[in-house]
Every structure is written in C-alpha cells, then in structure tokens.
Amino acid sequence: MLKSFFTAATLIASGACAASAHPELEPARAQPAAYESAGVECTVRRVVTLHGVRLEALARGDRGAYGEYEFVVTKGGAGGSSDIVQSGEFDLADGQQTLGEAEFSLERRDYFRARLVLRDGEGVVCRDELRS
C-alpha cells in the first residue's frame with residue numbers, strides 16, 4: 001500500500017512539473033524527476049556551432065551543495081554510435097559551475113542524447129536529459 005502511495009505521489013508530482021513547463025525551442029527534454037533537490041538545478045544546454053552542436057553540462061544552486069556528477073552523451077547515425085562520458089566532483093561554492101561539454105558534428109540523420117546526473121551523499125539531487 002505504501003509503495004503504491006509513493007508511486008501515485010511521484011506521478012502527480014511529475015504531472016505538475018510537466019503542466020508548468022514553458023514551451024522550448026530546443027530538442028525534447030525528459031520530465032523532471034520528483035526526487036530533485038529544490039536547492040540545486042542542473043541543465044544540459046545546446047549551442048549550435050558552425051559544423052554541429054556543443055552540449056554543455058551546467059549546475060547552479062545552494063552555495064553549500066557538492067557531490068559528484070556524470071555527463072553522458074550518445075551520438076548515433078548511419079556509421080554507428082559512440083558515447084562520451086565525463087564525470088567528477090561538483091562544488092557550488094560560487095553558486096554555479098560548468099561541469100563539462102562535448103562538441104561534435106551532426107549530419108542530416110544523426111541524433112544525440114545527453115544525460116546529466118548530480119548526486120550527493122544521500123542520492124540523486126538533480127537530473128536533466130536532452131535529445132535531438
């Protein structure tokens with residue numbers, strides 16, 4: 001019974017987040033998860049370049065927030081797929097931090113998926129995903 005209550009609460013919270021989202025001109029994003037910390041925000045930003053795209057992993061929030069991050073970018077196309085994995089520590093002592101970036105070319109039928117996850121000692125505090 002308790003498990004179904006948490007499942008229902010998660011679904012309701014996810015729906016509330018989706019209903020308040022503003023339309024974006026960028027590629028589709030995953031829905032925010034209900035476990036995100038209110039004090040920390042993270043985002044994968046897409047920047048169009050002359051020959052493709054640069055994806056930036058960004059975090060901002062409480063000045064006392066710190067932990068570890070993982071930034072995974074998968075690019076695929078006719079020639080197959082490849083992964084770029086970056087990870088390390090984050091410390092938002094200055095309020096914001098660029099955690100990593102990946103730049104690559106995109107051909108007509110290529111696609112990408114980028115996922116950023118921030119964790120502290122208690123678990124996941126922030127997650128963002130961007131797809132082409």
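Coordinate-derived values only; no laboratory data. Being a predicted model, the structure only gives us computed values, none of them experimental. Neighbour counts are summed over all protein chains in view; Cβ atoms, including those assigned to glycine, are modelled from backbone coordinates with ideal geometry.
Things to note:
- Residues of region 60-80 with amide N under 19 Å of a point placed 7 Å along Cα→Cβ from ARG109: 75-80
- Peptides 66-77, 93-104, ordered by how many other C-beta atoms sit within 10 Å of their residues on average, highest first, read 66-77, 93-104.
- Each of ALA65, VAL117, SER82 was scored by the projection of its Cα onto the charge dipole of region 56-131, and the greatest displacement toward the positive side belongs to SER82; charges sit on the C-beta of Lys, Arg, Asp and Glu.
- Between VAL124 and ALA78, the modelled label-to-label distance comes to 3.6 nm, taking each label 7 Å out from Cα in the direction of the beta carbon.
- Added length on full extension, which subtracts the Cα-Cα distance from 0.36 nm per residue, GLN96 to ARG131: 10.3 nm
- Packing rank of 53-61, 82-90, 106-114, where each peptide gets the mean count of other beta carbons within 10 Å, highest leading: 53-61, 106-114, 82-90
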